[in-house]
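Everything below concerns the one structure shown next.
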Amino acid sequence: SFFKDKENLYQLVKRENFFSREDINKDYKLMFILEHDKRKMAFPVKSILDKREIIVKEIGEELNKSDFFQGASILGDGKVSLIIDVEKILDYNKL
């Protein structure tokens, strides 16, 4: 599948390869454009909650078994946010 903006056509990241939620195939209204080494793909999202500066911390062995997370960050409210590894996601989704 592909996403087209006004000027470019991007391959869509297949979210089902990374997440196993029931609502995975619903229509998404926003796209993050992921880029690494001049390679770009569109990553569908439902919404953007906030923009924050964070410190990425290493994750434990259990989560590290998933190749698609680079680390985690503890947010101001104490919740943990996983940080995706853009390079690995793009490599996994090569045409």
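The values are calculated or read from the model by the stated rules, or taken from the named source; none is laboratory data. In this text, all values refer to a predicted model and were calculated from it rather than measured experimentally. Note that we place each Cβ from the backbone using ideal geometry, even for glycine, and neighbour counts take in every protein chain shown. Each accessible area value is taken on the protein alone, full model and side chains, heavy atoms only, with ligands, DNA and RNA left out. Shrake-Rupley method; radii C 1.70, N 1.55, O 1.52, S 1.80 Å.
Taking the stated definitions as given, is Lys79 open to solvent by 100 Å² or more (accessible area, probe 1.4 Å), more than 20 Å from Lys4 (Cβ to Cβ) and at pLDDT 85 or above? Spelling it out, Lys79 is indeed open to solvent by 100 Å² or more (accessible area, probe 1.4 Å), more than 20 Å from Lys4 (Cβ to Cβ) and at pLDDT 85 or above.
Restricting attention to segment 1-30, the residues that are part of a loop (DSSP other than H, G, I, E, B) and either within 20 Å of Val86 (Cα to Cα) or modelled with pLDDT under 85 (or both) total 12. Checked against (1) open to solvent by 70 Å² or more (accessible area, probe 1.4 Å); (2) modelled with pLDDT of 85 or more, Ser73 passes all but condition (1). Considering segment 54-70, and only residues there that are more than 19 Å from Phe32 (Cα to Cα) and modelled with pLDDT of 80 or more, the residue that is least open to solvent (accessible area, probe 1.4 Å) turns out to be Val56. Of all residues in segment 86-94, none satisfies being modelled with pLDDT of 80 or more, among the acidic types (Asp, Glu) and open to solvent by 100 Å² or more (accessible area, probe 1.4 Å).
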